[in-house]
1. Using beta carbons and a limit of 7 Å, which pairs, at least six apart or on different chains, have the first residue in segment 319-336 and open to solvent by less than 30 Å² (accessible area, probe 1.4 Å) and the second one among the aliphatic types (A, V, I, L, M) and assigned to a loop (DSSP other than H, G, I, E, B)?
2. Across segment 120-135, what is the total count of residues that are more than 17 Å from A100 (Cα to Cα) and buried (at least 23 other Cβ atoms within 10 Å of the Cβ)?
3. Scan E10, E65 and give me the residue that is under 20 Å from the mean Cα position of the chain (by Cα), modelled with pLDDT of 80 or more and open to solvent by 60 Å² or more (accessible area, probe 1.4 Å).
4. So which residues in segment 190-236 are assigned to a helix (DSSP H, G or I), out of contact with any strand residue (DSSP E or B) (no Cβ under 6 Å at 6 or more places or on another chain) and of a type outside the set (D, E)?
5. For residues that are surrounded by 11 or more Cβ atoms within 10 Å (Cβ to Cβ) and in contact (Cβ under 8 Å) with a residue 40 or more places away in the chain, scanning just segment 72-89, find the one that is farthest from T107 (Cα to Cα).
6. Mind checking which pairs have a first residue in segment 36-48 that is more than 19 Å from E170 (Cβ to Cβ) and a second that is open to solvent by less than 10 Å² (accessible area, probe 1.4 Å) and among the aromatic types (F, W, Y), Cβ under 8 Å, 6 or more apart or different chains?
7. May I ask you to list the residues in segment 136-148 that are surrounded by 15 or more Cβ atoms within 10 Å (Cβ to Cβ) and outside any strand (DSSP E or B)?
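The values are calculated or read from the model by the stated rules, or taken from the named source; none is laboratory data. Model, not experiment: these values are computed from the prediction. Here the Cβ is made from the backbone with ideal geometry for all residues, glycine too, and neighbour counts use every protein chain on show. Just so you know, the surface numbers come from the protein's heavy atoms only, side chains and all, with ligands and any DNA or RNA stripped out. Shrake-Rupley method; radii C 1.70, N 1.55, O 1.52, S 1.80 Å.
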Amino acid sequence: MVVTAEKLVELSNLAAAASIDPAQWQVFLDAMGRALGTQVCTQLIGYDQLTKAAPLAYASGYDPEILHLYETHFADRNPFAENFGRCGIGESITTHELCAPDKLKRTQFYADILQPLEDLYAGGGSMLAFDASRMFLIGGNMRAKDKDKHEDDWLKLCVRLAPVIRQSLEVNRMIMGLKFEKWATERHMLGAGTSVLVVDSAMTVQYACPGGQQLLAEGSLIGCDMFRRVKFGADQMQAQFASLLRGSANGNSDVFSNARLIDSNGCEWICRTLAMSLGDLDRSPFGAFLNGSGNAVLLALKAVDNTSSSAERLQRDLSLSNAEAKTVLMLSNGLSPAEVAAARSVSIHTVRNQIKSALSKSGCRRQGELLQKVEQLRLTGGW
């Protein structure tokens, strides 16, 4: 692979920075498109019913008029899209596998979008997320004449970066598209009640939102000493977090994890972590708060709803059955339909039927709309 280890670290850090400042996806795509030494037109393409992400989220290297033409006329007529489902999460797929060249060249999409850009139909990408509520793919188009020399390296790069891009998208989703100033002060990350902290490689808290400061003061789940060095209540999590920080300090850009924690009161919490470089974060909203350098880990912590009492409220407020309410709550806590099925020991078909029924009873057309209604009930109903 022609991309150096240093370049991979740089690109991973840019993707991590985009997790807390979605505008930085553009910076990331610009850099990724130049990584092979030849221009690759890159895109982060897809949709998310929860965050209302656009069909074409970010792109780099394309003529602005071509992008406008795509968005206005071809967003729902992309011949590559019909085979996106053939690509497994984290795997690569070529543009030729998505749409055979002989078929592609007979489309208006090729004539108006790809041919004017020097036969820009080689390349491919990697699937990042694909379920009933969202789809995201990182990909790029290169000139047909560059295919033999650069396509394999491009696909390897997409696969190598897919895990950190996917985790950054998860953090974007937790933020739900809101500006930093809003979700930090109102604790909207992962919805109401989320706490956000940034901890450097010396275990020092560099930043904590108001909810994070409250958690540190209470010390039940996570606390800190007089030097603001973080301390988890659970020894196992403390050891795991220390390991994550060591990996980050050693330049490992793939440091991220999801965990469930129990505080001293028996309450369950979602804990998500993501490595980042403090030096890169001067481009993000956190830059105003950070005073260190080197590597750090972003922590997002949110208490899990009491499924029983919250399900009862959903049954009352949205006229759902107990099973439907539990499924909807688990979806709102970030689980996919497949994960809900596994956790509840039911089939994926049962979960999908429960989602369909909940949509009908709640008057919602899409799953994202339903989850937003649940979030609004949490905010206004005090639960």
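1. Within 7 Å, the pairs are V328/L320; N333/V304.
2. Residues flagged as more than 17 Å from A100 (Cα to Cα) and buried (at least 23 other Cβ atoms within 10 Å of the Cβ) within segment 120-135 amount to 3.
3. The match here is E10.
4. P210, Q213, Q214, A217, Q236
5. That would be I89.
6. L36/W154; V40/W154
7. Matches in segment 136-148: R143, A144, D146, K147.
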